[in-house]
Amino acid sequence: MKILGILLISLVFTGVAWGGDIQGDLKTADKNHDGWLERDELADYFLNHDKELLELREFGLGNVKLQEKANDFADDALSQKAQNATKINLDDAVFYVERRASLVAKDTEMKKWWPGFGLSRTLIDEADPRKTQMDDRPFVLSFSHDSKRQNEKDLFAILGTVKLFDYNKDWRGGEFQIKPGVDLDVDTSKEAKDSSVDFGVSFAHYWFNNDPDAILSSHVLSLTPKYETDRDFARKVYEVSLSWSFASPKILRSGYNTWIGGRQKSPDDAWFRIYWKPELGLEAGGVQDAAGNEELQKIKNDGPYVRFLAGGKITVAPLFISRRLSTTFSYKNRWDLGEGWNKYYWTAEVDYNITKTVQFTVLYRKGARPSSFTDTDTVLVGIGLLIQ
């Protein structure tokens, strides 16, 4: 508990580091000195001055991948002005750079302590096609004490992913990533058979397209073998999942931020910021031991399974209320290709950023929660942690 307390305190007071003269560097990037920054000029600025890209270059990331990331940052900067903007003025560029720094700055001390460690909810069920990591959802901790309870006075709930490390390498027009971790969905107010502890390794390949006329700017295909159990480690379920998602400024700006309303002279000078992405996938596996879970026992009796899934996620940030507030809706529907049934699962979540790594979270879950497909209709209120 002492270590956890120290960790939380350090997270709350972690600052944002961003060096250099932003305005002067952007003026230098303005090659024709017309007071406006075009896509190539913005990308050149990010390549030479963005803290994240400088760190990635130091760690050996290839020039092709660095250029792709710089182009992504430039596209986001342009989109704050208008959907098809080709340039932004110096003031808008300065504001974007400062805002992006606050959104994506990393916890340097945490990375030194354990490189690749992360807390979120994105290991197994979500892969961002652009790898922006700006709309990830937090790892949630919830605790309650009720002296009038007859059984357990203290109840604890955990929902999220512990990423153990990640490995990235330029490969065949994009990037190959290996990301092992543990997905936790544990509520001590329920029986052990209704909890989930999933061990998985995500193998993902990201493709990036620099052609501005291409329909898809990037997409990701991920393969994840998993071992699924419960908090007593009695359940035994083996599964392999395959998922695909894409980003496209031409298909309703999937994978990109979109600003609505307001004057839109800056990323926060709007009424709403909206981000969404789709997902398609396949799941194949089998139940070796249901460990008393009735729904899993039915699946075991039917033998090995293959399922098709479709879903997506949308995040809406009501900037006119607060820049710290966001609401996320996610939905997935699974079709069993052997038995013919289909089950849905969706969540609605409100997050308020206390700091860049700590959030206050209210989460509502409804539907058949995998892998046991136990009917869920619950609200979880707690502290969310987001470490990338």
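Scanning segment 203-249 for residues that are under 30 Å from residue 293 (Cβ atoms), in a loop (DSSP other than H, G, I, E, B) and among the hydroxyl-bearing types (Ser, Thr, Tyr) yields a total of 0.
Report whether or not residue 377 is assigned to a strand (DSSP E or B) and modelled with pLDDT under 90. Spelling it out, residue 377 is indeed assigned to a strand (DSSP E or B) and modelled with pLDDT under 90.
Residue-by-condition table, conditions (1) without any contact (Cβ under 8 Å) to a residue 60 or more places away in the chain; (2) among the hydrophobic types (A, V, I, L, M, F, W, C); (3) assigned by TED's automatic domain parsing to the domain that holds residue 203:
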residue	(1), (2), (3)
223	yes, yes, yes
250	yes, no, yes
258	no, no, yes
269	yes, no, yes
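Please identify the pairs in which a residue from segment 295-314 that is more than 14 Å from residue 333 (Cα to Cα) and assigned by TED's automatic domain parsing to the domain that holds residue 284 has its Cβ atom under 8 Å from the Cβ atom of a residue that is polar (S, T, N, Q) and surrounded by fewer than 16 Cβ atoms within 10 Å (Cβ to Cβ), counting only partners at least 6 apart or on another chain. From segment 295-314, the pairs are 300/288.
Of the residues 202, 196, the single one that is over 18 Å from the mean Cα position of the chain (by Cα), in contact (Cβ under 8 Å) with a residue 40 or more places away in the chain and under 26 Å from residue 139 (Cβ atoms) is 196. So for segment 101-113 (the condition being of a type in the set (Asp, Glu), at pLDDT below 65 and under 21 Å from residue 350 (Cα atoms)), does at least one residue qualify? Looking for residues that are of a type in the set (Asp, Glu), at pLDDT below 65 and under 21 Å from residue 350 (Cα atoms), one finds none in segment 101-113, hence no.
Residues in segment 46-63 that are over 19 Å from residue 176 (Cα atoms) and either free of Cβ contacts under 8 Å to residues at least 40 places away in the same chain or outside any helix (DSSP H, G or I) (or both): 46, 47, 48, 49, 50, 54. If you go through segment 316-369 and keep only what is of a type in the set (Gly, Ala, Ser) and on the phi < 0 side of the Ramachandran plot, you end up with 317, 322, 326, 330, 338, 348, 368.
Any residue in segment 4-14 that is among the aromatic types (Phe, Trp, Tyr) and at pLDDT 85 or above? Among the residues of segment 4-14, not one is among the aromatic types (Phe, Trp, Tyr) and at pLDDT 85 or above, which makes the answer no. For segment 167-175, the count of residues that are surrounded by fewer than 19 Cβ atoms within 10 Å (Cβ to Cβ) and either closer than 22 Å to residue 369 by Cβ or modelled with pLDDT of 85 or more (or both) is zero. Quick one: residue 290 ticks every box in (1) within 24 Å of residue 321 (Cα to Cα); (2) among the aliphatic types (A, V, I, L, M); (3) touching a helix residue (DSSP H, G or I) at 6+ places or on another chain (Cβ under 7 Å) bar one, so which box is it? With (1) within 24 Å of residue 321 (Cα to Cα); (2) among the aliphatic types (A, V, I, L, M); (3) touching a helix residue (DSSP H, G or I) at 6+ places or on another chain (Cβ under 7 Å) applied to residue 290, the lone miss is (1).
Determine, yes or no, whether residue 347 is of a type in the set (Ser, Thr, Tyr), under 22 Å from residue 278 (Cα atoms), part of a strand (DSSP E or B) and in the same structural domain as residue 121 (by TED's automatic domain parsing). Taking the combined requirement at face value, the residue satisfies it. For segment 265-294, the set of residues classified as surrounded by 18 or more Cβ atoms within 10 Å (Cβ to Cβ), outside any strand (DSSP E or B) and touching a strand residue (DSSP E or B) at 6+ places or on another chain (Cβ under 9 Å) consists of 267, 270, 290, 291, 293, listed by residue number. Go through the residues of segment 348-358 one by one and say whether even a single one is in contact with a Lys or Arg (Cβ under 6 Å, 6 or more places away or on another chain), of a type in the set (Val, Ile, Thr) and at pLDDT 90 or above. No, because not a single residue in segment 348-358 is in contact with a Lys or Arg (Cβ under 6 Å, 6 or more places away or on another chain), of a type in the set (Val, Ile, Thr) and at pLDDT 90 or above.
Within segment 297-304, none of the residues are within 25 Å of residue 239 (Cβ to Cβ), small (Gly, Ala, Ser) and in contact with a helix residue (DSSP H, G or I) (Cβ under 8 Å, 6 or more places away or on another chain). Exactly one residue out of 42, 37 is assigned to a helix (DSSP H, G or I) and either modelled with pLDDT of 75 or more or not small (Gly, Ala, Ser) (or both): that is 42. For first residues located in segment 169-192 and under 28 Å from residue 219 (Cβ atoms), partners that are surrounded by fewer than 19 Cβ atoms within 10 Å (Cβ to Cβ) and of a type in the set (Lys, Arg) and lie 6+ apart or on another chain with Cβ distances below 6 Å form the pairs 176/169. Would you be able to say whether some residue in segment 318-335 is small (Gly, Ala, Ser) and under 19 Å from residue 374 (Cα atoms)? Checked segment 318-335: at least one residue is small (Gly, Ala, Ser) and under 19 Å from residue 374 (Cα atoms).
The values are calculated or read from the model by the stated rules, or taken from the named source; none is laboratory data. All values derive from a computational prediction rather than experimental measurement. No Cβ is skipped: glycine too gets one built from the backbone with ideal geometry, and neighbour counts run over all protein chains shown.
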